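Worksheet: one structure, shown below.
Just so it is clear, none of the values below were taken in a lab; they were calculated from the coordinates. If you're wondering where the values come from, they're calculated on a predicted model, not measured in any experiment. All Cβ positions, even for glycine, are placed from backbone atoms using ideal geometry, and neighbour counts span all protein chains on display.
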């Protein structure tokens with residue numbers, strides 16, 4: 001009479017196949033999570049841009065970068081300080097009453113955009129420049145620069161579809177993964 005059952009080789013083969021399937025699933029899941037965070041970043045940027053335009057229409061200019069608690073990150077406003085309610089605070093009543101969106105990772109606490117980029121950290125950043133700064137056309141008035149420092153899928157490189165923003169004296173696309181800007185005039 002023959003005994004029914006599995007040999008040790010058959011069991012090992014099944015275990016190896018299950019391990020390969022599990023590893024493949026984890027890698028695919030991580031990639032999906034990264035793409036989802038990057039999609040959220042782009043959606044957040046587009047939402048902030050729309051509210052900045054509403055603010056400009058109502059007030060005639062873009063909000064000046066200013067932290068009421070005195071914290072300044074090289075003059076830039078950073079989503080890393082939104083826990084204090086400080087990230088582009090003037091636009092909140094025009095579209096974000098409960099607070100502006102922040103980077104899904106948002107781990108650049110206390111870092112300027114340059115420090116965040118250098119240290120591989122994630123944050124959104126905003127700055128309003130005076131007319132003519134960085135070689136920009138002074139007849140177009142003051143302007144803002146808004147972007148996210150790093151993406152999950154492209155790191156510090158330009159994120160596909162980034163509108164970019166540059167003037168003769170500076171190209172912010174080299175400083176951000178995704179960046180845009182707008183003039184007051």
(Q) Considering all alpha-carbon pairs of the chain, what whole percent are spaced by more than 19 angstrom? (A) 63 percent
Q) Hey, fewest Cβ within 10 Å first, where do 37, 128 land in order? A) 37, 128
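Please arrange 129, 159, 29 by counting, for each residue, the other beta carbons lying within 10 Å of its beta carbon, fewest first.
Listing 129, 159, 29 from fewest to most nearby Cβ atoms yields 29, 129, 159.
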Q. Which residue, 58, 26, 91, tops the fluctuation ranking in a GNM of the chain built on C-alpha contacts under 10 Å?
A. 26
Q. Taking only DSSP H segments of four or more residues, each worth -39500 (n - 2.57), what value at 222 nm results for the chain once the sum is divided by all its residues, to the nearest 500 deg cm²/dmol?
A. -11500 deg cm²/dmol
Q.
Between 95, 169, 147, where does the largest GNM mean-square fluctuation fall for the chain, given springs only between Cα atoms within less than 10 Å?
A. 169
**Q.** Residues residue 3 and residue 119, FRET efficiency given R0 of 45 Å [Cβ-Cβ distance, rounded to 0.05]
**A.** 0.15
Q. Arranged by the count of other C-beta atoms within 10 angstrom, fewest first, what order do 152, 103 take?
A. 152, 103
Q. What is the chain's relative contact order, in percent, from Cα pairs under 8 angstrom and six or more apart in sequence?
A. 17 percent
Q) In whole Å, how far is the Cα centre of the stretch 138-181 from that of the stretch 10-49? A) 28 Å
Q | Of 17, 54, 64, the one that fluctuates the most in a GNM where the chain has Cα springs shorter than 10 Å | A | 17
Q: Kindly express, to the nearest 10 degrees and within the range 0 to 90, the angle between helix 8-59's C-alpha long axis and the longest C-alpha principal axis of the chain.
A: 10 degrees
